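First the structure, in the form of structure tokens, and then the observations on it.
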Protein chains: 2
Amino acid sequence: MAREAGVSQTTVSYVLNDVPHQKIAAETRYRIHAAVAKLGYTPSAAARALRKGQSDIVLLLLADMPLGHTAIELVEQLTRILRQQGLSVVTRIEDGGANDSLWADLAPRAVVMLAPVQAGRRKRMEAAGIQVINAWRRKPEDAAHDTLAHSQHRVGEVQARHLAATGHRHIGYAAPTDPRLADFCELRLQGVRQACRELGIDPPVVREVGSDRDLATDIAHEWRTEGVTAVCAFNDEVAFALLAGMRAADLEAPGDLAVIGVDDIPVAQFAEPPLTTVDQHIGVVAAGLAQAVLRRQDPPEVSGQPRGELATVVVRQSA
Amino acid sequence: MAREAGVSQTTVSYVLNDVPHQKIAAETRYRIHAAVAKLGYTPSAAARALRKGQSDIVLLLLADMPLGHTAIELVEQLTRILRQQGLSVVTRIEDGGANDSLWADLAPRAVVMLAPVQAGRRKRMEAAGIQVINAWRRKPEDAAHDTLAHSQHRVGEVQARHLAATGHRHIGYAAPTDPRLADFCELRLQGVRQACRELGIDPPVVREVGSDRDLATDIAHEWRTEGVTAVCAFNDEVAFALLAGMRAADLEAPGDLAVIGVDDIPVAQFAEPPLTTVDQHIGVVAAGLAQAVLRRQDPPEVSGQPRGELATVVVRQSA
DNA sequence: CTGAAAGCGCTTACAG
DNA sequence: CTGAAAGCGCTTACAG
């Protein structure tokens, strides 16, 4: 490569990396770019990583749980935003431990954890100079400065407020049965609880709604006998199960029990009745995460929490 | 590291890589492992990659299209299978070109493309010694040796055969409107067409069903006037739209029009009526893909096409 | 059975 | 404005 352009390795490196404060003659630059094009040269990232100790990769670790539509959108957005900054987002689904070798393999600049983080692992990564961004706080107290957790809390709040605004004072909460969803559920549920407190209405009556229609029917009846008139479902899937259980017992939404989901999955509009749900503004969350990654390297440009609403209600017929 | 154990770099490398035909004294081995544990030493993958010219990473490139539940499962399974072979699967959503830098960054051993592959890009990767596995054939003719394409073809076949088996002779095909899904749709549709040919029934009447309920209603009426009695939907989402359109016009499934989807998404069982659909056996596809990756390096153990059914019908009420 | 040495392809002080 | 040289941490012939 250097030979083809008739210059030294050094100069090639300067030109290709646009090293500031290095004046390079325009003609030399040109010769180098020509040679690059001619040879189809691509710098070896392995060598660069070895030399600099870090690659330009940001590793996104996803929890091993049912990943929906929304999670994928988050991945896409984060990938897009960070690419503009020259960083390559690479995604990995967690699976317990074996990933240690992966972060060593990639020598990522940062690891964004959308999964539980074990203290030991975190320490090892940080010791290796990798920035660890924990976007998965279990405890709501920790969530204050965390866009993702904050948005989950907000989701619950938005659900409860919509129900209250349409006159409901006794609400239920339909939790999923999958234990891997428990942390997420807790965050959303806290949001619901807080909203209820603030609105001065009863705390939500929580029940696990599995993916069994008959069970959902029973639960719907129970809620009604307890005076519950509306329920926040953990997500749209749980809402579908509940709606199916209600139809089986000739219970109507929102008349007998109003139901509001979360996610606005593509089929939500085709539910019977069409599902009222909460749309998460994933772009805002992604921007928050991207900021956290970038803050380290570009102090001035980025600032605190991202602005913008994190979630809004999509009103259809079920609530 | 070598110093801590009181041996040379060479020996450390031999021990850690279990180099065959290198006899190392048990005591030396032990000293090295002890030092590894004590220092928390992790070999630099960047250096290894630089030296060997390849990392242990397999890059999975996903098309930029609505990725469902099924796609995610494929990613999970492939990750799991390949990890057992010491390979790290890393996933990236395609976005047009900018990924060139990524494969250079990772120096992956193989790239599995679940996205359209441009000839130029492919050539560059292969020139770099990267194995390229193209699991995205546009043309059904190319699909013969490709597990993924083959399974898509099979999906259509299974749909049509189920409909024929329940007495339908005039079937419709509900295609999605998203152009990014066109290639996939074509593969499935070919499967339907072939099954119709083999069964001696009319070719499917294809219509695009968007996510507009009223439009779906109109289309349902059209099909009925044309004598269509059952329809294969591209996937469960399209099926939901169609079912919603039918309910709006008091048309019943399967009486007025039978509907069968694809994917068995979690909410399919809660459709009104519960959706009959096709379950793709993603494990088989993943195994096929994994084989293709491994074939190159471990010739003997793996053989041709994976065995096993690729898709089966989940019978519920809509068809 | 073990080690000294070369070299993978970069980046970056440093010297001109 | 440009280049010679060191060194990042490995692997692997090769020599003992």
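The values are calculated or read from the model by the stated rules, or taken from the named source; none is laboratory data. Every value quoted in this text rests on a predicted model; they were computed, and no experiment measured them. Here Cβ is always computed from backbone atoms with ideal geometry, including for glycine, and neighbour counts include all displayed protein chains. For the accessible areas, the whole protein counts, side chains as well, though only heavy atoms, and no ligand, DNA or RNA atoms are used. Shrake-Rupley method; radii C 1.70, N 1.55, O 1.52, S 1.80 Å.
On a 0 to 90 degree scale, rounded to 10, what angle separates helix A:69-84 from the longest Cα axis of chain A? Tilt of helix A:69-84: around 30 degrees. Label-to-label distances for B:Gly53 across copies, nearest first, come out at 3.0 nm, using points 7 Å from Cα in the beta-carbon direction.
Per residue, the accessible area of chain A comes to 44 Å², computed with a 1.4 Å probe over protein heavy atoms only. The figure for B:Arg83 is an accessible area of roughly 60 square angstrom, using a 1.4 Å probe on the protein chains alone. Phi angles across the stretch B:270-287 convert, under the Karplus curve 6.51 cos²θ - 1.76 cosθ + 1.60 with θ = phi - 60°, into 3J(HN,Hα) values of 9, 5, 10, x, x, 7, 7, 8, 10, 9, 7, 8, 4, x, 5, 5, 4, 4 Hz, Gly and Pro given as x. In this simple spin-label approximation, B:Arg180 and A:Ile24 carry label points 7 Å from Cα along the Cα→Cβ vector, and these lie 3.6 nm apart.
Candidates B:Thr70, B:Leu215, B:Val117 compared by Cα position along the dipole of the protein assembly as shown: farthest toward the positive end lies B:Val117, with charges placed on Cβ. In order along the stretch B:216-227, the phi-based Karplus estimate (6.51 cos²θ - 1.76 cosθ + 1.60, θ = phi - 60°) of 3J(HN,Hα) comes to 4, 4, 4, 5, 4, 4, 4, 4, 4, 5, 8, x Hz; Gly and Pro are listed as x.
With label points defined 7 Å past Cα in the direction of Cβ, position A:Gln194 shows copy-to-copy spacings of 5.5 nm, given to one decimal and shortest first.
Relative to the dominant Cα principal axis of chain B, helix B:147-165 is inclined by about 30°.
Checking the cross-link pairs A:Lys38/B:Lys123; A:Lys23/B:Lys52; B:Lys52/B:Lys123 against a 27 Å limit on the alpha carbon distance flags A:Lys23/B:Lys52 as lying beyond it. Each residue, B:Gln194 and B:Gln118, gets one label point 7 Å from its Cα in the Cβ direction; the gap between the two is 3.1 nm. Short to long, the 10 Å bins of the Cα pair-distance histogram for the stretch B:52-136 hold 17, 55, 27, 1 percent of all pairs. Which one of A:Ser211, A:Ser44, A:Ser151 has the biggest mean-square fluctuation once chain A is modelled by GNM with Cα springs under 10 Å? The residue that fluctuates most here is A:Ser44. Excluding ligands, DNA and RNA and using a 1.4 Å probe, chains A and B jointly bury around 3800 Å² of accessible surface, summed across both partners. Taking a ≥ b ≥ c as the square roots of the eigenvalues of the alpha-carbon gyration tensor, the stretch B:116-225 is classed oblate because a/c is 1.5 or more while a/b is no larger than b/c. Accessible surface for B:Glu76 stands near 40 Å², nearest 10, in the context of the full protein assembly shown (1.4 Å probe). In this simple spin-label approximation, B:Ser8 and B:His281 carry label points 7 Å from Cα along the Cα→Cβ vector, and these lie 5.3 nm apart. Note on A:Glu237: accessible area is roughly 80 Å² with a 1.4 Å probe, heavy atoms of protein only.
Based on C-alpha pairs under 8 angstrom that are at least 6 apart in sequence, the stretch B:145-282 has a relative contact order of 25 percent. The C-alpha atoms of chain B define a longest principal axis, and helix B:182-199 lies at about 60 degrees to it.
Its DSSP H runs of at least 4 residues, each contributing -39,500 (n - 2.57), put the calculated 222 nm mean residue ellipticity of chain A at -14000 deg cm²/dmol, to the nearest 500.
Accessible area of the stretch B:52-136 with a 1.4 Å probe: how many percent of it is carbon plus sulfur? Roughly 51 percent of what the probe reaches on the stretch B:52-136 is carbon or sulfur.
Distant-in-sequence amide contacts of A:Thr91, defined by a placed amide H-H separation under 5 Å and a gap of 5 or more residues or a different chain, comprise A:Leu60, B:Thr91.
For chain B, averaging the sequence separation of C-alpha pairs within contact (under 8 Å, six or more residues apart) and dividing by the residue count gives a relative contact order of 15 percent. What you get for chain B, charging only the Cβ of Lys and Arg (+1) and of Asp and Glu (-1), is a dipole of about 1960 debye around the Cα centre.
Summarising the amide proton neighbourhood of A:Ala311: residues at separation of 5 or more, or on other chains, whose placed amide H is nearer than 5 Å comprise A:His281.
For A:Ala165, the label point sits 7 Å beyond Cα toward Cβ; its separations from the matching points on the remaining copies run 5.0 nm, from shortest to longest. Say R0 is 22 Å: what FRET efficiency, to the nearest 0.05, do A:Asp250 and A:Leu215 get from their beta-carbon distance? Using R0 = 22 Å, I get an efficiency of 0.80.
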